[in-house]
Every structure is written in C-alpha cells, then in structure tokens.
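For reference, the structure is listed below as structure tokens.
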Amino acid sequence: MTRSAPVLCNTADMPEPNAQDLVVLLAVAQSGRFTTAGESLGLNHTTVSRRIAALEKALGGRVLSRGSGGWELTDLGRRAADAAAAVAEAVARLGDDDGALSGVVRMSATDGFSAFIAAPAFARLRAANPLLRIEIVTATRRASQTRTGLDFEVVVGEPQVHRAEAERLGAYVLGLYASRDYLEAYGAPATLEEATQHQLVYFIDAMLQVDSLDAPRRLLPAMRDALSSTNVFVHVEATRAGAGLGLLPCFMADRHADLVRLLPHEVAEELDYWLVVRADALRQPAIAAVVGALRRSTAAMEAQLLGRG
C-alpha cells in the first residue's frame, strides 16, 4: 500500500504581518469598536475592517470575535495585541525625546474612587506628562471577564477573574450619617434598633451588582429605603438634604461639616478596592505609570479612607 505524501503549507505564500495592521488591532482591542478605533487613528470604518482582515490573513486565523460588549481578542489576537503594544511603545519612544509618557489609558472604577483618588493622582501624573491622555469610565459593578475597551479596572470586593491579575489596593469604610438639620428635626438614634426607625439612603437593592456592597444593608435589615440610587454622589447629597440616614463612604461624607457620623462602633463596614489588570498590560509604560499613581494615591489617603481623617 502506497502512502501519500503529506500536504505542506507553503508559508512563502503567506504575507508578513504589517506593523500598521497591528496598531489598528490594538486600537480596536482598547475600544471594542471599529468606528472608535478608526476615529482615534484617523481612519474610516472600512479601512479598519480591511486592515484587520489583512492581519488575519497574514496570521492565518481570527484575531477578533464578536462579544456582548463589542469586539474581543481571540487567543491569537491577544498575542498579536501584545506585539502591537511593543510596536506602539517603540514608536512612542522614537517620537518623544524627553522620555515623557504618551498615548491613551482607559480605566473603569467606582464614582467615589474615580473622583477622589484617581482624578487627583492623574492630574499630578499629567503635569509631568502632558502627552498622556487618561479616560475614566465610572461604574459600580463586578470585574469584567473580558475588559473589552479597558486597560484595567478598580472594583469593590475581591474579584474572580481569568487571564488577569487581581491586586488589593486598599480598604475604605462605610459609615452611617445624617445631616445636622435632620438630627435636629428627628433626633439622633442611640442604638441600631433606634436607627431602624429611620429611613435609609443607599444603593438600589434590585440593581446592586457587587455582593460586598450588600453587606452593610444586612446590619440594618429593618430599615426602609427612603431614596436609592446607583450613584454614590446622590447618596451623599440626599443625606445632606435630609432624605434619611445615609450609608456613605467616610472619605466622601467626612468632607462635609453638615454631616454627622452615627454609631461609629456599630456601623463601620470595611470594604476593599481591587485592581484588575492583565500582566502584559503592565509592561506598557503608560499603563504601568497610571497604575503606580493609583497605588500611591490610595496609600496616601489611607486615614481618610478608613474614616480616621
């Protein structure tokens, strides 16, 4: 019996990956959308699509797949995006003689963390790196399994993630607060039982995605909701306006002289901030610098975060 000769792939017929196509892939991976990637690169949607198709032909496989939040990297695409990041870094070094950071870094974090920890840290970082652009997407949710369009996330509570690293940044405390006018009108509760006779300002229970943020509510299970919101700034302002007793982050509430903390020994729920980022992303100088700025800012605010400021 004669065995037929194996068919070999002629790699000479396969085009080499184009560096520009790799940069296009990186832009799509960061935004999750062809149109957004095109706008950042000065290309139209058709050109972006054509560049991705050319890259897939050169690599011999799919680099992107359609996900619920936009385009996501395949395993092959992730390896190509790592190469693209190296290309972008090299180009940035060539065009930046003084070594200043450049490019766009996009993160997701909760409202309070974004406003009082991230924003000041990034302002200081950009003062020395004016070509660096930082985008903050505010959301109170679990860590994403794909992080499409994001370089990293900061979430509340220890996350369960794949293909990424999770690092505890620090802790903060939720306390029970009321406005001075409210206490003058309704009196200050002396016990948890008395506190349950008042109404609560906190997150919308049915829409809360983070298990750790549900724990403080269990301290006061009999309290009825007065005003609920997905935004912690609404909690603070509603409590200041006298809507009820607010479960508030101490580092936000203690900034307001018209708010009084109640039952600090009974209601002091400590929650953790966690950073979620891929190891390969930290090899990019801009992302590493932004993450470093967050670490320093969180550590510097430890006393305020824990309600001791």
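The values are calculated or read from the model by the stated rules, or taken from the named source; none is laboratory data. Given the structure is predicted, the values throughout are model-derived calculations rather than measurements. Positions of Cβ are generated from backbone atoms using ideal geometry, with glycine treated the same way; all protein chains shown enter the neighbour counts.
Some observations on this one:
- Within the stretch 253-284, the set of residues being more than 21 Å from LEU220 (Cα to Cα), more than 18 Å from the chain's Cα centre (by Cα) and of a type outside the set (D, E, K, R) comprises HIS256, ALA257.
- Count of residues meeting criterion [closer than 27 Å to ASP214 by Cβ and over 17 Å from the mean Cα position of the chain (by Cα)] in the stretch 285-298: 0
Results for (1) modelled with pLDDT of 85 or more; (2) of a type in the set (S, T, N, Q); (3) surrounded by 22 or more Cβ atoms within 10 Å (Cβ to Cβ), shown as yes or no for each residue.
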site	(1), (2), (3)
VAL23	no, no, no
ALA27	no, no, yes
SER40	no, yes, no
THR47	yes, yes, no
ALA53	yes, no, no
GLY69	no, no, no
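- The strands (runs of 3 or more DSSP E) found entirely in the stretch 244-309 that carry 1 or more residues being of a type in the set (Ser, Thr, Tyr) are 268-277.
- Criterion (more than 19 Å from TYR177 (Cβ to Cβ) and either modelled with pLDDT under 90 or assigned by TED's automatic domain parsing to the domain that holds GLN30 (or both)) met by exactly one of ALA206, ALA293, ALA215: ALA206
- Elements of type strands (runs of 3 or more DSSP E) in the stretch 102-196, at least 3 residues being closer than 24 Å to VAL267 by Cα and touching a Ser or Thr at 6+ places or on another chain (Cβ under 9 Å): 165-179
- Criterion: surrounded by fewer than 18 Cβ atoms within 10 Å (Cβ to Cβ) and either more than 30 Å from VAL161 (Cβ to Cβ) or not assigned by TED's automatic domain parsing to the domain that holds ILE134 (or both) - qualifying residue of ALA243, ALA279: ALA279
- Any hit, the stretch 66-74, residues being more than 19 Å from THR35 (Cβ to Cβ) and free of Cβ contacts under 8 Å to residues at least 24 places away in the same chain: yes
- The residues on offer are SER179, SER212, and the sole one that is touching a residue at least 40 places away in the same chain (Cβ under 8 Å), out of contact with any Pro (no Cβ under 8 Å at 6 or more places or on another chain) and closer than 27 Å to ARG106 by Cα is SER212.
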